[in-house]
Amino acid sequence: MNTRIFHLSENDTAAPEITEAAKILTDGGLVAFPTETVYGLGADATDEGAAKKIYAAKGRPSDNPLIIHIADPADAEKYAYTSELYYKLAKAFMPGPLTVILKKKDTIPATVTGGLDTVAVRCPSHPIARAIIREADVAIAAPSANLSGSPSPTCAEHVIRDMNGRVDAIIDGGCSEIGLESTIVKAEGDRLTLLRPGAITADALRCVCEHVEISHAVTEMLKADERPLSPGMKYRHYAPSVPLVLLEGDEDCVVSFMRRAQNAERCAILCYHDESFELRCERLIDIGERNDLAEQAHRLFAALRDADELDCDVIYAHLPKKEGIGLALYNRLIRAAAHTVKHV
Ligand code: TXA
Ligand code: MG
């Protein structure tokens, strides 16, 4: 398949390429587009055949459901049974990096939801994403636009590397601002269960909802026979081709360990900016200032892709603290490392 690449700037919402992308989608094709979290691989969410193409293009297991993207929070009515809590969340966080799981309506085929009776709904804030959805005038199912198992793409080059020849079009709209996928919550009555942490933190959710439970699968390994609340939790994610080891310990001990490791083995290191002056620059990837978690989130997936391309036997990174956006960093890294933590 010949993949067309459209270059747009973030506010080019009236460009003819938007109309063209929307037409590809309503004709049953696939378009990768930027969002504020990561790039998505879109298809008409009401078209079963189009949704099947997403699974094929990504190599994604068919029981792992897709998120549907809408232009306005109230559009959820067409596809799901909403609630008072949904509208509270919408008022506080939409458009933005929040996905809410609701009971689905029949307008969404079972292929999109992996056979579940619920559907994940998100209203992205990226102007290009919203313009395309509005123009297509239908919900757009979109997982992250990476090959299944590789890190989510945070810029068009990542999408092109994974998806060129597999999709009809890719819209290059620059780098994703946040860099980690949306926060996912399941809304049941007046309670929320956090299934995937993201830029909207548990504390932010607690400002809107009294009862927020964090699913244990966010930080812990699933038991062999356990059925997760979110099917995506059971798949190994973002796995680099060499082992990733997370380091836990006092700041001084971690940097000393990194220094010794650089002399003893062929390792890549994801370090904080201040540490980059204390370590040899060989196979060193700066993930941002120690206390700037938003910057670390922004850079993490690109750093994992870069580390994977270095000729090394092991990758070391800090074990993030589980506070604020740190919980999202922790969740992505602990899974990429298959829960390998070294105390130093
Ligand atoms: O930021 C994002 O959410 C990005 C952008 C493109 O919007 N999308 C994204 O989609 O990360 P994806 O498919 O890579 O991750 C969706 C996750 C999967 O882990 C899936 O299992 C879960 O959402 N999910 C989808 N529908 C669900 C449902 N009905 N119940 C439970 N989990 C669901
Ligand atoms: Mg994904």
Multiply the residue gap between Ser241 and Glu188 by 0.36 nm, knock off their C-alpha separation, and tell me the result in nm, one decimal place.
15.2 nm
Taking the chain and dividing mean pair separation by its residue count, relative contact order in percent (alpha carbons under 8 Å, at least six apart)
19
If you take the square roots of the eigenvalues of the alpha-carbon gyration tensor of segment 189-231 and sort them as a ≥ b ≥ c, do you get rounded (a/c under 1.5), prolate (a/b over b/c) or oblate?
prolate
In nm, give the distance between the simple-model label positions of Arg206 and Arg4, each being 7 Å from the Cα along the Cα-to-Cβ direction.
4.9
Would you pull out the residues with amide H under 5 Å of Tyr316's amide H, same chain only if 5 or more places away, H placed 1.01 Å from N?
Val245, Ala268, Ile269, Leu270
For the chain: rounded, prolate or oblate by the Cα gyration tensor [a/c cutoff 1.5]
prolate
Check which residues have an amide H placed less than 5 Å from Ile101's amide H, if you skip close sequence neighbours.
Val121, Val185, Lys186, Ala187
At 0.36 nm per residue, and after removing the present C-alpha to C-alpha distance, how many nm does the segment from Glu323 to Arg259 gain when stretched out fully?
20.3 nm
So the compactness index of segment 46-147, its C-alpha Rg divided by 2.2 N^0.38 Å, takes the value 1.01
Chain lengthening between Leu147 and Lys23 when straightened (0.36 nm per residue, less Cα-Cα):
42.2 nm
Listed highest first by mean packing, meaning other Cβ atoms within 10 Å per residue, what order do 36-44, 251-259 come in?
36-44, 251-259
Label-to-label distance, nm, for residues given as Glu220 and Lys234 (7 Å Cα→Cβ offset)
1.8
At a threshold of 8 angstrom on Cα-Cα distance, excluding pairs fewer than six apart, so keeping six or more, what relative contact order does segment 119-223 reach in percent?
15
Could you check the simple spin-label distance between Lys78 and Asp63, using points 7 Å along Cα→Cβ, in nm with one decimal?
3.1
For segment 182-282, report the translational diffusion coefficient in µm²/s to the nearest whole number, using Stokes-Einstein at 37 °C, 0.692 mPa s, and a Kirkwood Rh over Cα pairs.
194
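Considering Cα pairs under 8 angstrom that are at least six residues apart, work out the relative contact order of segment 183-274 and quote it in whole percent.
Value for segment 183-274: 16 percent.
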Which log10 I(q)/I(0) values does segment 158-220 give at q = 0.15, 0.17, 0.19, 0.27 Å⁻¹ under the Debye formula, counting every alpha carbon as one identical point scatterer?
-0.63, -0.70, -0.76, -1.12
Principal axes of segment 260-327: Cα extent on each, largest first, Å:
34, 23, 16
Estimated [θ] at 222 nm from DSSP helical runs (n ≥ 4, -39500 (n - 2.57)) normalised by residues in the chain, nearest 500:
-8500 deg cm²/dmol
Roughly how many whole Å is it from the C-alpha centroid of segment 35-52 to that of segment 280-309?
28
In segment 108-184, how does Rg compare with the Kirkwood Rh, expressed as the Rg/Rh ratio over alpha carbon atoms?
0.95
May I ask you to list the lysines whose Cα is less than 26 Å away from that of Lys52, ignoring any residue fewer than eight positions away on the same chain?
Lys23, Lys78, Lys103, Lys104, Lys105, Lys186, Lys234
Compute the distribution of all C-alpha to C-alpha distances in segment 220-344, in bins of 5 Å from 0, and list the percent of pairs in each, rounded to whole numbers.
2, 11, 21, 24, 21, 11, 5, 3, 1, 0
For segment 104-146: rounded, prolate or oblate by the Cα gyration tensor [a/c cutoff 1.5]
prolate
Scaled to the compact-protein estimate 2.2 N^0.38 Å, what is the alpha-carbon radius of gyration of segment 3-64, rounded to two decimal places?
1.18
Using only Cα positions of segment 12-100, each an equal point scatterer, no hydration layer, compute I(q)/I(0) via Debye at q = 0.15, 0.23 Å⁻¹ and quote the log10 values to two decimals.
-0.68, -1.30
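Values quoted throughout were computed directly from the atomic coordinates according to the rules given, and no laboratory measurement underlies them. Not measured: the values here are computed from a predicted model. So basically every Cβ, Gly included, is an ideal-geometry build from the backbone, and we count neighbours across all protein chains shown.
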